[in-house]
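The structure appears below as structure tokens.
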Amino acid sequence: PTEGKRSLKDKRILIVGANGRLGSMVTRHLLRTHGSDVKEVVAACHYIGEATTRGYGRLSYEVGAEDGVGSIGAAWSSEEERNASFEYNPQVMGGYNLNKLRVVEVELLNPTQVNTITENVDAIIYCATDFEGNRPRAIASLNAAFLFRAVASPLKGRVEIEGVRNCLEGLTGGMNDRRWKEKGVGAVIGSVEGEKATSVKSTEPTQFVLVSTAPDVFKEFETPFGEFIGLKRQGEYILTEEFPSVTYSVLQMGRYDERVEEGSELLYEDAEDDTVVVDGVIGAKDIDSSNNKRNDGKQKRINRRDAAKAAVEALLDADLERKKVQVYTSIR
């Protein structure tokens, strides 16, 4: 890499929630734009309770795994002939960099599994959520697994909170192990001691990019675990306050809207402090009214593919390091 310029050269990047709509697009964008440089892209597909194929089709489609030469037999054929198959087509798929992709499954609420997938990782883009698109999934589909988890273990089942903490603990633990092996105990960074990282090279990528939500996107959605925006802000607090050794960027995305033209200029705005502590619990105070008044009732919006681009670019954008920003391309 050019001296002083950030690079993903020989880096292992973990995308958490890669089987989601945004996460699959982040995986695609990272492979297509930096695939020749990175050491590996680890696409972590999150599940609740039992592993599921949900979302794998979306990820497969986005990264182009289905663009090869394919065949499938008629429905009345033998089982062997019915099976679909795809063969790698170098003329079509040569620039997809699929040789750099590794897909893993993880239950984000299981620290042991998370420690495994974060081993030897240089940076994380966290897209995982318990919610679907612009609606909390537990509300949108009355998912029994989410509702059961909320009742049975209300403080141990939040991907937005415990999932974030597990990933951060895995990341810092892995970094400490590597630095111990490379330079000895004096080089180990602390995630508890309250010391900020001072030895991160200027060419290193931001270590944790957290995809969050702008305050006016979900209004007052209540979930089985509490107010949705409040959950998001708790996750942000964990990242920014409890792990000072980790370099980060928090991207509060505008409302996802596929009607917004893709490829529009990314706009960034410093995030307002909309947190409030009630009975020791971090939540979000209502600033919707002031936002709506300022924007004449309109909302910040962004096409998902542009949101994916913003998440990948944040790894290399020094101006966004240790900042919380709202990201959007349009107000409508």
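Nothing in this text is a laboratory measurement; each read-out follows from the coordinates by a stated rule. For clarity, every value in this text was computed on a predicted model and none was experimentally measured. Positions of Cβ are backbone-derived with ideal geometry, glycine not excepted, and every protein chain shown enters the neighbour counts.
Values as computed for the structure displayed
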quantity: Within region 10-26, backbone nitrogen closer than 17 Å to the virtual label 7 Å beyond the Cα of E262 toward Cβ; calculated: 20-26
quantity: Nitroxide proxy distance, nm - points 7 Å out along Cα→Cβ at R332 and N110; calculated: 4.3 nm
quantity: Difference of contour (0.36 nm per residue) and Cα-Cα distance, S60 to Q91; calculated: 9.3 nm
quantity: Gain on full stretching of the segment that runs from E242 to N120 - 0.36 nm per residue minus C-alpha separation; calculated: 41.8 nm
quantity: Residues of region 301-322 with amide N under 18 Å of the 7 Å Cα→Cβ point at R179; calculated: 322
quantity: For L101, distant residues with modelled amide H under 5 Å away; calculated: V41
quantity: Sequence ranges 202-211, 120-129, ranked by mean other-Cβ count within 10 angstrom, highest first; calculated: 120-129, 202-211
quantity: Contour minus Cα-Cα distance for S77 and D37 (0.36 nm per residue); calculated: 10.0 nm
